[in-house]
Every structure is written in C-alpha cells, then in structure tokens.
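Written out below as structure tokens is the structure these notes cover.
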Amino acid sequence: MSVRVENHPDRPDVAVRAASASDVRAIAEFQTVCWREAYVGLVPKSYLDGVDADAREARWVERVTTGTRHVAVGEVVAALAGVVSWGQCEESGVPPLELKSLYVGSAFYGTGVAAALMTYALGDAPAHLWVFESNARALAFYAKWGFAFDGHRKVDTDTGIWEQRLIRP
C-alpha cells in the first residue's frame, strides 16, 4: 500500500510506502547520515564514527525481509526523506504497538515528512516507544503526538545512553 500525503502549500508532497528488499542499502545509508546529523552531542562521537552503513545494512535486511518489523519509507520527489519502523511488543503494562524507529533527513525537518510516517505507521492507535532522554527535539515531537514519559528508563545497550519510555494511551 502506498499513501501520498499532500501537505501545506509550501511543503512538499510525501509519498509513503512499505519498504522492500531493494530499499535496504538506501535505508542503511540514510540512517547513518541521520544519526550523524541528529545525535551529535547526544551520542559518543566514537559510536557515531564507528557504525557505518555496512553494519546497519545487515540489521535492515533482517527487519525488511523477515517481517520482524514493519518498515516504510517516505519519499519527496522520489528522494528518500524518512524511514519508520514499528511492530508488536510483548512488554507488559504498555500498548502492544511499538514505534521502533523514526528517521527524517535534516533537510526535511518541519516539512510534514515525520507526520506522514507517524500517521502511516501508528495512526492514532495507542502505542509506546523508547527515546534518548537527552533528545529534546524528539521528546517535543512525540509530545505533540500525545506521548508522555511513563517513569521507565533504561540504558541503550548499543550506545550507553539513557532512554525514556513514552506511552500514548
């Protein structure tokens, strides 16, 4: 299923569609760039420099081809502008729908790409997610979507950074 979202007149149209195996390399390269743009000062530079698209590609191959996550891409004029992944979770005490990842290229911040991806992945369903607690931009974005910190924190095993769990009832 593909969805085209027509935004505000001075914002680009976003086409959102399910990702396929042929998208995996582009997603891995895109995620690497997004991390290096969005997480400077939040995630250790050694981590940002040490994980490249080749390492990320293996994860995305598994996610896209086995269905362990639903993955969709957002495109603006056929250019990759964002990626979202989501799935079901067995964690007790939270809505079973989990937003696993949301990446938007910095050139598309504030253009409606993230909103199109969120709508495609979650709609208005109850859901939860984990976010770096020092990521003020992401926390503000998710608050606009009705997510709030539920008091649970953990350390992300890959980066060593504290995360907060956010829930939208």
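The values are calculated or read from the model by the stated rules, or taken from the named source; none is laboratory data. Every value quoted in this text rests on a predicted model; they were computed, and no experiment measured them. So basically every Cβ, Gly included, is an ideal-geometry build from the backbone, and we count neighbours across all protein chains shown. Keep in mind that these areas ignore ligands, DNA and RNA; they rest on the heavy atoms of the full protein, side chains included. Shrake-Rupley method; radii C 1.70, N 1.55, O 1.52, S 1.80 Å.
What to note about this one:
- Selected from Leu97, Leu42, Leu117 as most flexible by GNM, with the chain as the system and alpha-carbon contacts under 10 Å: Leu42
- Anisotropy class of segment 109-148 from Cα gyration tensor, a/c 1.5 cut: oblate
- Net charge dipole size for segment 17-92 [Lys, Arg +1 and Asp, Glu -1 on Cβ; Debye, nearest 20]: 80
- Between Asp158 and Arg59, the contour length at 0.36 nm per residue exceeds the Cα-Cα span by 34.3 nm.
- Calculated diffusion of the chain, Stokes-Einstein form, Kirkwood radius summed over Cα pairs, 37 °C and 0.692 mPa s, µm²/s: 200
- Where Rh is the Kirkwood radius over Cα pairs, Rg/Rh for segment 38-92: 1.04
- Cβ-derived FRET efficiency at R0 25 Å, Glu91 paired with Thr66, nearest 0.05: 0.80
- Solvent-accessible area assigned to carbon and sulfur over the chain amounts to 54 percent, based on a 1.4 Å probe.
- Computed about the Cα centre, the dipole magnitude for the chain is approximately 200 debye when only Lys and Arg (+1) and Asp and Glu (-1) carry charge, each at its Cβ.
- Mean-position separation - Cα centroids, segment 43-97 and segment 107-123, in angstrom: 15
- Ordered from highest to lowest accessible area with the whole protein assembly present and a 1.4 Å probe, Glu62, Glu163 read as Glu62, Glu163.
- Label zone at Ser22 (point 7 Å along Cα-to-Cβ), backbone N below 15 Å, segment 64-99: 73, 78-80
- Å² of accessible area per residue within segment 35-141, as computed with a 1.4 Å probe and no ligands counted: 46
- Largest GNM mean-square fluctuation among Asp150, Asp23, Asp158, using the chain with Cα springs under 10 Å: Asp158.
- When the square roots of the Cα gyration tensor eigenvalues are ordered a ≥ b ≥ c, the ratio a/c for segment 83-169 is 1.5 or more and a/b does not exceed b/c, which makes its shape oblate.
- Under the simplified labelling scheme, the Ser134-Tyr109 pair shows an inter-label distance of 1.7 nm, with each label point 7 Å from Cα along Cα→Cβ.
- Per-residue ellipticity at 222 nm from helix content only, as computed over the chain with -39500 (n - 2.57) for each DSSP H run of at least four residues, stands at -9500 deg cm²/dmol.
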